[in-house]
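One structure below.
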Amino acid sequence: MMIVLPEHMRIAIARHAEETYPDECVGLLLGRIDGSRMEVEDVFPAPNRWTVDVGLTPTDADHSLRDRFYLDPRDYLRAERMARERNLDVVGCYHSHPDHPAIPSPRDLTGAQGIGGGSQFAFLIQSVREGRAAELTAWTLDDAGMRFVPEETVERLR
């Protein structure tokens, strides 16, 4: 899947990640899919509502907003409504990795498997190092939903 991400969307994701640093940020990608091409038209920054009460695994209790995120279903519904009003779909999500590389963690895989979507749902990871946005990577799940597959992102000017 080629993911077309306009420059101003890439900047919006980077800013969101810098603003929430040292905690992880989370948001959704709104856009369209045409065959093997995903066009991101807007981003929906959401609050990171992670607490130990919403952990997906028993080991989540040893973590914090610094290395975990949770997207409240009500925020997802708000984004879905906003997308529908613009004839768009929720085509992916993004989150940050404060002071870590922009590669998926085992916990990211667990969360992505819960969302599903396979190769038709993008997962973007924005690395933030010492408060400054660094690399941004894109991933989808393989058809079996067992591993992340790196995807190409293409920047489109406004």
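The values are calculated or read from the model by the stated rules, or taken from the named source; none is laboratory data. Everything quoted here is computed from the prediction, not taken from an experiment. All Cβ positions, glycine included, derive from the backbone under ideal geometry; neighbour counts span all protein chains shown.
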Candidate set from the range 123-135 (those that are surrounded by fewer than 19 Cβ atoms within 10 Å (Cβ to Cβ) and not basic (Lys, Arg)); member that is nearest to Glu24 (Cα to Cα)
Gly131
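Every residue, every condition in (1) at positive phi; (2) out of contact with any Leu (no Cβ under 9 Å at 6 or more places or on another chain), yes or no:
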position	(1), (2)
Gly116	yes, no
Gln120	no, yes
Phe123	no, no
Val128	no, yes
Gly131	yes, yes
Leu136	no, no
Asp143	no, yes
Pro150	no, yes
Val154	no, no
Condition check: among the polar types (S, T, N, Q) and out of contact with any Ser or Thr (no Cβ under 6 Å at 6 or more places or on another chain). Does Ser105 satisfy that?
yes
Neighbours by Cβ (under 7 Å, 6+ apart or cross-chain): first from the range 70-89, closer than 14 Å to Val26 by Cα and at pLDDT below 95; second of a type in the set (Lys, Arg) and in a loop (DSSP other than H, G, I, E, B):
Tyr70/Arg49; Asp72/Arg49
Can you find even one residue in the range 99-117 that is under 21 Å from Asp67 (Cβ atoms), assigned to a strand (DSSP E or B), under 14 Å from the mean Cα position of the chain (by Cα) and without any contact (Cβ under 8 Å) to a residue 60 or more places away in the chain?
no
How many residues, within the range 28-41, are within 20 Å of Ser96 (Cα to Cα) and surrounded by fewer than 17 Cβ atoms within 10 Å (Cβ to Cβ)?
0
Might you check whether a residue that is at pLDDT below 95 and touching an Asp or Glu at 6+ places or on another chain (Cβ under 7 Å) occurs anywhere in the range 8-20?
no
Residue count, the range 4-47 (criterion: closer than 20 Å to Glu151 by Cα, of a type outside the set (A, V, I, L, M) and in a strand (DSSP E or B)):
9
For the range 45-63, check the following and say yes or no: at least one residue is modelled with pLDDT of 95 or more and crowded, with 16+ Cβ neighbours inside 10 Å.
yes
Quick check on Tyr76: is it over 14 Å from His16 (Cα atoms) and either hydroxyl-bearing (Ser, Thr, Tyr) or touching a Ser or Thr at 6+ places or on another chain (Cβ under 6 Å) (or both)?
yes
Looking only at the range 118-158, count every residue that is small (Gly, Ala, Ser), touching a helix residue (DSSP H, G or I) at 6+ places or on another chain (Cβ under 7 Å) and in contact (Cβ under 8 Å) with a residue 60 or more places away in the chain and tell me the total.
2
